[in-house]
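Only one structure is covered here, and it is reproduced in the block below.
The values are calculated or read from the model by the stated rules, or taken from the named source; none is laboratory data. Since this is a predicted model, take the numbers as computed values, not measurements. Every residue, glycine among them, receives a Cβ derived from its backbone with ideal geometry; neighbour counts consider all protein chains shown. Just so you know, the surface numbers come from the protein's heavy atoms only, side chains and all, with ligands and any DNA or RNA stripped out. Shrake-Rupley method; radii C 1.70, N 1.55, O 1.52, S 1.80 Å.
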Amino acid sequence: MLRQVLLSASRSDKVKSLVETAPVTRSLVHRFVAGERTFDAVRVTEHLAAQGLYASIDHLGEDTLDPARARATRDAYVTLLGRLDDAGLAGHAEVSVKLSAIGRYLPGDGEAIALDHARAICEAAKTCGTTVTLDMEDHATTDATLAALRELRADYPWVGAVLQAYLRRTEGDCRDLAGTGSRVRLCKGAYDEPASVAYTDRADVDRNYVRCLKVLMAGGGYPMVATHDPRIIELTGMLAARNRREPGTYEYQMLYGVRPGEQTRLAAQGERVRVYVPYGDQWYGYLMRRLAERPANMTFFLRSLAGRG
């Protein structure tokens, strides 16, 4: 129940105002978000690289309705990629992009505008010698996001997809995207979805994740296993052995600020581990979804809010 409340709150302007002004918020933001500036994202990437870790960097923002903001987000990614290249970090970092952050919901031809902005980001990544992953959002955008992925892969075949295991359709999407060279991030999903399209019981989500993971690990693509679950981490190793996959033909992905010890442990064993690193000032929706995923964080945060009065 609390998870549903927080996911609903992630789209509430009234709750957003309360959360953004709460004294406790800043420490939680620092735990899960690299900072607000390009410098912060590069600094965190450098720190991760020194530990043998990789990064997928997300310039925070979503549901943009302002053309100027959509252009600014595009430009922020292009600038970030240039700074990573200048710092010699392009080999250790890629970027993750939400189409809603770069114009999908603009009136009229928003999908086309977002696709053009995504192409500009992909071209900058190509110049730097790195990659882009196209983030998935709520279920209503899945088909349009996969259509944009196909368009981008025509010119940039290394663009990564994201599939969410809590959606009932995802096993089929995994089969469609498990071809040679296809980069696919498999995550559980963090949006509030109706039972008609998504599994709502955690055990059902876990079972679907395992089914999807088996498809990807047996395929010819490059699975990106986004999980903090020790059982799934162990299963991934078993599936890699079964399918004769060497480290580097797949990778683990985890969130910045979540299980950093496990990240370095896996890297020390020779596994490729990529950390999802968000940055920017539009952190509210992201933070609320992270709180909804982890009950201990929710309890601490809500108690702190209640204590303000």
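General remarks:
- Residue pairs whose Cβ atoms lie under 6 Å apart, separated by 6 or more positions or on different chains, with the first residue in the stretch 201-219 and of a type outside the set (Asp, Glu) and the second part of a helix (DSSP H, G or I), are Arg211/Glu171; Cys212/Thr170; Cys212/Glu171; Cys212/Cys174; Val215/Cys174; Val215/Arg175; Leu216/Cys174; Met217/Leu239.
- Test: residue in the stretch 61-84 that is among the hydrophobic types (A, V, I, L, M, F, W, C) and within 21 Å of Ala267 (Cβ to Cβ): yes
- Answer residue from the stretch 179-198, given it is touching a helix residue (DSSP H, G or I) at 6+ places or on another chain (Cβ under 8 Å) and of a type in the set (D, E, K, R) and is modelled with the lowest pLDDT among those: Asp192
- Once the stretch 67-89 is narrowed to residues that are closer than 16 Å to Leu115 by Cα and not small (Gly, Ala, Ser), the residue that is surrounded by the fewest Cβ atoms within 10 Å (Cβ to Cβ) is Pro67.
- Of all residues making up the stretch 239-259, the number that are in contact with a strand residue (DSSP E or B) (Cβ under 8 Å, 6 or more places away or on another chain) and under 28 Å from Leu291 (Cβ atoms): 6
- From the options Glu62, Glu46, residue that is at pLDDT 95 or above and open to solvent by 30 Å² or more (accessible area, probe 1.4 Å): Glu46
- Applying the set (1) touching a His at 6+ places or on another chain (Cβ under 8 Å); (2) part of a helix (DSSP H, G or I); (3) buried (at least 21 other Cβ atoms within 10 Å of the Cβ) to Glu262 leaves exactly one unmet item: (3).
- Meets criteria (open to solvent by less than 60 Å² (accessible area, probe 1.4 Å), touching a Phe, Trp or Tyr at 6+ places or on another chain (Cβ under 7 Å) and of a type outside the set (A, V, I, L, M)) for Gly189: yes
- Look at the stretch 246-264: where a residue is within 16 Å of Arg185 (Cβ to Cβ) and a partner is open to solvent by 20 Å² or more (accessible area, probe 1.4 Å) and at pLDDT below 95, sitting 6+ places away or on another chain with Cβ atoms under 6 Å, you get Met254/His228; Val258/His228.
- Set Gly219, Gly160: member being within 24 Å of Glu234 (Cα to Cα), in contact with a Lys or Arg (Cβ under 7 Å, 6 or more places away or on another chain), open to solvent by less than 40 Å² (accessible area, probe 1.4 Å) and not β-branched (Val, Ile, Thr): Gly160
- Filter result for Tyr284 (at pLDDT 90 or above, among the hydroxyl-bearing types (Ser, Thr, Tyr) and crowded, with 21+ Cβ neighbours inside 10 Å): no
- Residue match in the stretch 126-134 (condition: open to solvent by less than 20 Å² (accessible area, probe 1.4 Å) and either of a type in the set (D, E, K, R) or in a helix (DSSP H, G or I) (or both)): no
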